[in-house]
Each structure stands twice: as C-alpha cells, then as structure tokens.
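Taking it in order: structure first as structure tokens, then the write-up.
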Amino acid sequence: DSSDSLAPILQRVIRQDIQGLHAYAVQPSAGLVKLDTMENPHRLPEALQRELGERLGRVAINRYPAERGDDLKAALAAHAGMPEGCGLVLGNGSDELITLLSMACAKPGAVFMSPLPSFVMYGLSAQLQGVGFVGVPLTADFELDEPAMLAAIAQHKPALLYLSYPNNPTANLWDDAAIERCIDAMAQVQGLVVMDEAYQPFASRDSMDRLRRHPHVLVMRTMSKFGLAGVRIGYLIGRTALTDEIDKLRPPFNISVLNAEAGLFALEHVDEYARQAASIREQRQRLYAALQALPGVQPWPSEANMVLARFPDAAKTFAALKARGILIKNVSALHPLLANCLRLTVGTPDETGQLIAALAECL
Ligand code: PMP
C-alpha cells in the first residue's frame, strides 16, 4: 500500500534522531477530575465569558495579526514590571520560546544545562536542535546542588542554563544565594541564564530584580498557569540586545488575533485572576496539610499550583485515584530522585475535597 512506498522516503529525508522520538503525550482526561497539568481550574464568571465572547466576535480575523500584538506586549510588560532597557518576545506558549532560545543558541558543540528533575522540554529542545544537554541532579530534598552546579558550569561552559523558579515538578523555589552564584558562574563562562517563571502567580518571590542586575539573565513567563493555558501566550523578557536576536527566529504571526485579544481581556481583569490565584494558594495549603496527615506520605512545601508527594506505592495510588475519577501525574519514572512521587495539581475547593477524600480511601 501507499505507506510501504512512503517508508523509504521517510527513512531518507526525516532526521535519524527524530525518527527515534515519540510525540509529546497528553494523558486522556475525558470524564476525569483533571489535576495532572497545573491548569488554573477556574473558568471566568459567566458575565465575563459573555463579554469576552463579544470582544472576540468583533476581531478582524480576516487580517493577519498586527498592532494588537504590540498592545499585548505593552500590557504584559506593564503587568510584569519590565525594567528599563529590556524587550519582550511573545511566544505561542513558553514552550515555543524554549524552542526559539534553543534554535538561537544551537551552535555546533553548544551545551544547554538545567538541574534535574526539572521541566522536560529543556532537555528535549536541546536534543531537537542537535546540541548537548547536561542535567545536574538536585539534592535529595530538591535544593540546587551548588558545588555540582558550579563545577558543571565551569566544565561544560553552557550556552544556556534553565532554572525553573519555582521548579516543575518539585514546586519549590531554590535558595537565592545559590542561584546568584550560578548566575555569576554563567557570566564567567559567557552563557545565558533563563529564569523560567511559569508558576510565578503562586510564588512568594520572582526574578525581575535579577534582570536589572544581570545583563545575561532572561525571565520567561506564561499566561498558562495564570488562567489561559488554552490560549497559548508565553513571554520572554531580557535586555533588548538579546530579545532582538530571539525575535528574528519568531514565526511572523505566532500569536493569533484571538489569542492577543483574549490575553488583553485577561489583563484588563487581573483582579478576577488574583482572586483565583489566592483561592489556589489556599487550597494548596489545605492539600499539603491533608497529605502530611496521611500515613507514609511525604509532601514537599510548594510555591506553585501543584504539590509533589512521595507515597508508599505511587503506581498503586495513581491507579486507585484514577479508578475514583481523579487524574494526577505519576512522575516516578522521570528521575531516580522522584521514586514513588506523584504530582498533584491544586484544583477548586470542591476538587481538592474530592482528592483528599479519595486519597484517604485508597491509602
Ligand atoms: N515552563 C515550565 C516550568 C512548565 O512547567 C511549563 C508547562 N507545564 C511550561 C514552561 C510551558 O508552558 P506553556 O507552554 O503553556 O507556556
């Protein structure tokens, strides 16, 4: 059949390393309480939904995106408190920005680095660009292993160091003095540091000030965890000399007019999103306390909208929760440090209640 004749063509033209990969897998979630991907569980109140619908209905979708993207950039810069002398690049989610950064820095022989376990796209994007990736294991309590980080930076001279702050999936903020020393070490080897602040809406600290002090630091954020995961808007802030280079790689119309309008609408209603984030932080505390009270379960303190916890038998608990209609993420296989660990996204008060009740039943 036709796929038989296609096989030799694919074999010849598709890169060998791509042929060996699997596409990014999303867990099927239909009919389940979805607590697996750190989404904001809250919809907009109905009146705002209607208002958004009317706004989107008036957008000129016959035109390519134009100035509305600039309006969104200005609104995001104001929202984030972007310092003087910096620029902002929009991405179709921060995933796209990771790809653009990787493309920009993928010189032959280049190495990218991040602590491990961390967000999987850092390593994957290095692999896709055909450059090296060095992962430096965290300590057993998920802190930066500063001596190991400094040694690896000096040895490999990475072009890019990704620091997820807070970290996915461990949900913590690393020690700031250790981060500063890693940033200084990266200056020594003339590399860039990307502070990935996807979970900033739930964290007690951020890196805007680092951006002022260090010209080789970039801050990456997203509207996904804020409450617009489905819209796909990420942004990268850094000195304009840097963001101008990244912008050259950006596909011309990567933010649709509908995305831009929805993003602007959300930023006009930050009070609503602040209320949602406050509820999530409250439920995070409730979930953490409930996990702590369960026999044999060890949760780690969280600065994000997820809680990581170690269970006596993670696979069994994952399956038992799923049988009760709750989908979480089993991260046990991602890294040896995560043995028997589950990552639980913080949901609505009602979902958190369901999760706590189900956990009590299955443990
Ligand atoms: N950075 C981190 C640390 C993440 O955990 C994620 C998604 N889970 C992303 C970036 C990508 O988010 P998005 O593409 O939705 O902006």
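The values are calculated or read from the model by the stated rules, or taken from the named source; none is laboratory data. Being a predicted model, the structure only gives us computed values, none of them experimental. Methodologically, a virtual Cβ is constructed for each residue, glycine included, from the backbone with ideal geometry; neighbour enumeration extends over all protein chains shown.
Being within 12 Å of the ligand (Cβ to nearest atom) and over 21 Å from THR37 (Cα atoms), is that true of even one residue in segment 241-249? No; the residues of segment 241-249 include none that is within 12 Å of the ligand (Cβ to nearest atom) and over 21 Å from THR37 (Cα atoms). Those helices (runs of 4 or more DSSP H) of segment 3-118 in which 2 or more residues are among the charged types (D, E, K, R) and within 16 Å of the ligand (Cβ to nearest atom) occupy 94-105.
Do you know which residues across segment 322-356 are part of a helix (DSSP H, G or I), of a type in the set (Gly, Ala, Ser) and more than 15 Å from ARG284 (Cα to Cα)? Listed by number, the list holds a single entry, ALA323.
Which residue, of VAL120, VAL89, is β-branched (Val, Ile, Thr), farther than 24 Å from SER256 by Cβ and modelled with pLDDT of 95 or more? Quick ask: steps written out before the conclusion?
Numbers: VAL89 fails: farther than 24 Å from SER256 by Cβ.
On inspection, the qualifying residue turns out to be VAL120.
What about ALA304, is it touching a residue at least 12 places away in the same chain (Cβ under 8 Å) and surrounded by 20 or more Cβ atoms within 10 Å (Cβ to Cβ)? Spelling it out, ALA304 is indeed touching a residue at least 12 places away in the same chain (Cβ under 8 Å) and surrounded by 20 or more Cβ atoms within 10 Å (Cβ to Cβ).
Candidates GLU67, GLU84, GLU51: the one that is outside the structural domain of ARG239 (by TED's automatic domain parsing) and more than 30 Å from ALA339 (Cα to Cα) is GLU51.
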